[in-house]
Every structure is written in structure tokens, then in C-alpha cells.
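Derivation of every value follows stated rules applied to the coordinates shown; laboratory data play no part. For clarity, every value in this text was computed on a predicted model and none was experimentally measured. Here the Cβ positions follow ideal geometry from the backbone for every residue, glycine too, while neighbour counts run over all protein chains shown.
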Amino acid sequence: MKKRRKFLSGFNFALQGIIYCIQNERHMRFHIFAAAIALLFGWYLNISGMEWLILVFSITLVIVLEMINSAIENTIDMFTNEYHPLAEVAKNVAAGAVLVAALNALVVGAVVFLPKLFNFLSNANF
């Protein structure tokens, strides 16, 4: 019973971290909104199982890295309010990781959605 309580506490702490990021990080809200749009497009355009896997993995990667970026930034801010060049490097590298993942997600979205959109538009009777 004690192990189960520990597991549930850990799950609750993780959920609190996700909620914190959504409530307090503007970029996280943007990523969630973009992910919702991509998922709706995927549903509407009836993408394949493999496309779903790649799309969901790309979305998850961006969100996870945004959370890690937030953790790094908050940890640095906890230890110093003063400028330090290594603190700047750590924050910039973490933000850069999010940017790389977001650019990857854009490429995945283009590869998955553009052919389907072109096909949809070429078959539409306007």
C-alpha cells in the first residue's frame, strides 16, 4: 500500500509540473495550441498510423523540451538574480533545444500535411 501511495504522489507531482507549465509559461500555451491544431488537421485529413506516430512524437518532443527549458530557467533563477555568462549559456542552450524541436515539428507537419492539403484542394469544387 505504501508503494502505491508513493507512486500516486509521484504522479501527482508530475501533473502539478505540467499544470504549472501550462499556467505560467506563455510558450507552452502556444505549443499546446499548435499541437491541438495539428491533431485536428491529422484527424480531418485522416493521416496514416505511421504519420500519427511521427506527429505525436514530434509534438511530445517539443512539449517535453519546453518543460525541461522551464525547469532549467527556474533553477538558475532560484540560485541567482545577477547576470552570469554561464547562466545565460544554459538558458540559451535550453531554449535552442526547444527551437530545434519546434522546427523539426514544422518540417514533420509540412511533410505530413502539405501533400494531403494539395490533394484536397486539387479535388475540391469551388
Measuring from its Cα centre, the chain shows a charge dipole (+1 at each Lys and Arg Cβ, -1 at each Asp and Glu Cβ) which, in debye to the nearest 20, is 740 debye
Positive-pole candidate from F30, N123, S48, dipole of the chain, charges at beta carbon: S48
In µm²/s, what is D for the chain at 10 °C and 1.306 mPa s, where D = kT/(6 pi eta Rh) by Stokes-Einstein and Rh is the Kirkwood radius from Cα pairs? 93 µm²/s
Working from Cα positions, state the angle (0 to 90°, nearest 10) between the long axis of helix 85-123 and the longest principal axis of the chain. 20 degrees
Hey, rough spin-label estimate for W52 and A110, points 7 angstrom out along Cα→Cβ, what's it come to in nanometres? 2.6 nm
May I ask for the angle, rounded to the nearest 10°, between helix 26-44 and the longest principal axis of the chain, with both axes built from Cα atoms and the value confined to 0 to 90°? 30 degrees
Tilt, helix 49-79 to longest principal axis of the chain (alpha-carbon atoms), in degrees rounded to tens, equals 20 degrees
Please list, by residue number, every one of the GluC sites (Glu not before Pro) in the stretch 51-93 that is coil in DSSP and has at most 15 other beta-carbon atoms within 10 Å. E82
Only counting other Cβ atoms within 10 Å, I'd like S70, S122 sorted with the fewest neighbours first. S122, S70
